[in-house]
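Enquirer: Dropping a structure here in structure tokens format, bear with me for questions.
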Ligand SMILES: [Zn+2]
């Protein structure tokens, strides 16, 4: 078993979304994926935002990614879950491109947290001008070397330049970010006036989140620091001068998250259970309008 020792932790005293100091315990969750450590999720009484508190500091969190198993950074695994993930990713890349194509005015796309760069490579193939940001050194190296992309380590690199992007995307990245407010403020500066911001994050109000509780794989502590609902997410982005243009469901995520969650529960016949739970979660999302396991938010700047 992988043990993470001597980790520097930090405690937030105000809610990063609304600034309230009224924070309550919500759920203890084990890092099922790597360290087996328990982390505590708190909820803000005022806005409902949920987040790990205390949490490993920004310089310490890298210890929780140091494994070849962290799937979004690894291009070469071949077990069944990785194969399903890759098949779903190919399908997802095309649908992500479809969303961009229908919303973009211009050609410059910046993908923040681009990983190994498959999505950007597809966009480049479709004649968009593509740029990436990826803090993980191995993933960034792969994107630059194998996918021939321009990828920077840090978003702040662009603030010094006069780059402005027609579209900025964060596909399952914002929940990993320590500096939520600073990141959104930087994005606001480097997004064109008529640009579109696309953010996909897990939905902690989904049926599968409610069903699996501490086993819900999208809590993914401590790598996922923030847990959004449509309400807390909207509050955050409005604070930074963005308007919610549309919300799109992500139906495949319910199956993948249920599969991992059943695995964490050590369930028998977990493929079968995950399939039906994923299906049920999607049906409930349609019926109750509480959103699918993950959601894609399409945002524009308020001043356009
Ligand atoms: Zn709050």
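The values are calculated or read from the model by the stated rules, or taken from the named source; none is laboratory data. Keep in mind it's a predicted model, so treat the numbers as computed, not measured. All Cβ positions, even for glycine, are placed from backbone atoms using ideal geometry, and neighbour counts span all protein chains on display.
Enquirer: Output the residues belonging to the stretch 161-178 that are surrounded by fewer than 18 Cβ atoms within 10 Å (Cβ to Cβ) and either over 14 Å from the mean Cα position of the chain (by Cα) or free of Cβ contacts under 8 Å to residues at least 12 places away in the same chain (or both).
Expert: If the condition is that a residue be surrounded by fewer than 18 Cβ atoms within 10 Å (Cβ to Cβ) and either over 14 Å from the mean Cα position of the chain (by Cα) or free of Cβ contacts under 8 Å to residues at least 12 places away in the same chain (or both), then 161, 162, 163, 164 are the ones that fit.
Enquirer: What residue, among those in the stretch 188-224 that are touching a helix residue (DSSP H, G or I) at 6+ places or on another chain (Cβ under 8 Å) and more than 25 Å from residue 289 (Cα to Cα), is farthest from the ligand (Cβ to nearest atom)?
Expert: 190
Enquirer: Closer than 26 Å to residue 59 by Cβ, away from the ligand (no atom under 16 Å from the Cβ) and at pLDDT 95 or above, is that true of residue 161?
Expert: So residue 161 does not fit the description; no.
Enquirer: Hey, another quick one. Looking at 50, 36, 5, which is the one that is more than 8 Å from the ligand (Cβ to nearest atom) and within 21 Å of residue 181 (Cβ to Cβ)?
Expert: Testing whether each residue is more than 8 Å from the ligand (Cβ to nearest atom) and within 21 Å of residue 181 (Cβ to Cβ) leaves just 50.
Enquirer: Mind listing whichever residues of the stretch 187-197 are over 16 Å from residue 114 (Cβ atoms) and either buried (at least 18 other Cβ atoms within 10 Å of the Cβ) or touching a strand residue (DSSP E or B) at 6+ places or on another chain (Cβ under 8 Å) (or both)? Give the derivation first.
Expert: First pass over the stretch 187-197, keeping only residues over 16 Å from residue 114 (Cβ atoms): 188-189, 191-196.
Of everything in the stretch 187-197, those that are over 16 Å from residue 114 (Cβ atoms) and either buried (at least 18 other Cβ atoms within 10 Å of the Cβ) or touching a strand residue (DSSP E or B) at 6+ places or on another chain (Cβ under 8 Å) (or both) turn out to be 188, 191, 192, 193, 194, 195, 196.
Enquirer: Further question: Do we have residue 300 as touching a helix residue (DSSP H, G or I) at 6+ places or on another chain (Cβ under 6 Å), closer than 30 Å to residue 192 by Cα and touching a residue at least 60 places away in the same chain (Cβ under 8 Å) here?
Expert: No: the conditions fail for residue 300.
Enquirer: Being within 21 Å of residue 174 (Cα to Cα) and either in contact with a strand residue (DSSP E or B) (Cβ under 9 Å, 6 or more places away or on another chain) or assigned to a loop (DSSP other than H, G, I, E, B) (or both) is the filter here, so list the residues in the stretch 133-149 that pass it.
Expert: 133, 134, 135, 136, 139, 140, 143
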